[in-house]
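The values are calculated or read from the model by the stated rules, or taken from the named source; none is laboratory data. What you see is a predicted model; the values in this text were computed from it and never measured. Cβ placement follows ideal geometry from the backbone for every residue including glycine, while neighbour counts extend to all protein chains displayed. Accessible surface areas use protein heavy atoms only, side chains included; no ligands, DNA or RNA. Shrake-Rupley method; radii C 1.70, N 1.55, O 1.52, S 1.80 Å.
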Amino acid sequence: MTPPNRLHRSVSQQKQKQRKVIVGNKHGEKLVGILHETGSKELVVVCHGFQSRKERIPMVALAVALEQEGISAFRFDFAGNGESEGLFQYGNYCREAEDLRSVVQHFCGEKRVITAVIGHSKGVFVIPFSVYVAEEDKIIK
């Protein structure tokens, strides 16, 4: 069992690697996310499910596991969810695909390489819509 002071230091060190990032979407709304920074150029984007948010256990666990393996991760709230601006819209896959596209464009603009996009629940279904939109814009090859 980890002594309490070592556990506290470990949690504290993890928090230092995590920082809030705000990304604008095409509708002028702010999408709020947490970047788990490891110093690598490669980045995995983590998408939450229906009526969820970036703080839910599956998204945090995925991002932390990636971070522990030296892989940077970004988990964010789609518009109308969690801390992000906008109104929640039931079943709006295309709008969420646009949000994901905005996130990918933001990090590509920072010279990051998106190596994977993973999702939980509805977040999994947003990914194919986003790939279609991104292919039209030549973001994904």
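Do you know which residues across the stretch 18-57 are of a type in the set (Lys, Arg) and surrounded by 14 or more Cβ atoms within 10 Å (Cβ to Cβ)?
Listed by number, the residues that qualify are Lys30, Arg53, Lys54, Arg56.
Within the set of pairs 6+ apart or on separate chains, which have a first residue in the stretch 66-90 that is within 16 Å of Phe107 (Cβ to Cβ), a second that is of a type in the set (Asp, Glu) and surrounded by fewer than 16 Cβ atoms within 10 Å (Cβ to Cβ), and C-beta atoms under 7 Å apart?
Ile71/Glu42; Ser72/Glu42
For residues in the stretch 90-141 being at pLDDT 60 or above and of a type in the set (Val, Ile, Thr), which is least open to solvent (accessible area, probe 1.4 Å)?
The selected residue is Val103.
Exactly one of these conditions fails for Lys30: (1) touching a residue at least 12 places away in the same chain (Cβ under 8 Å); (2) closer than 18 Å to Gly119 by Cα. Give me its number.
Here Lys30 meets the rest and fails (2).
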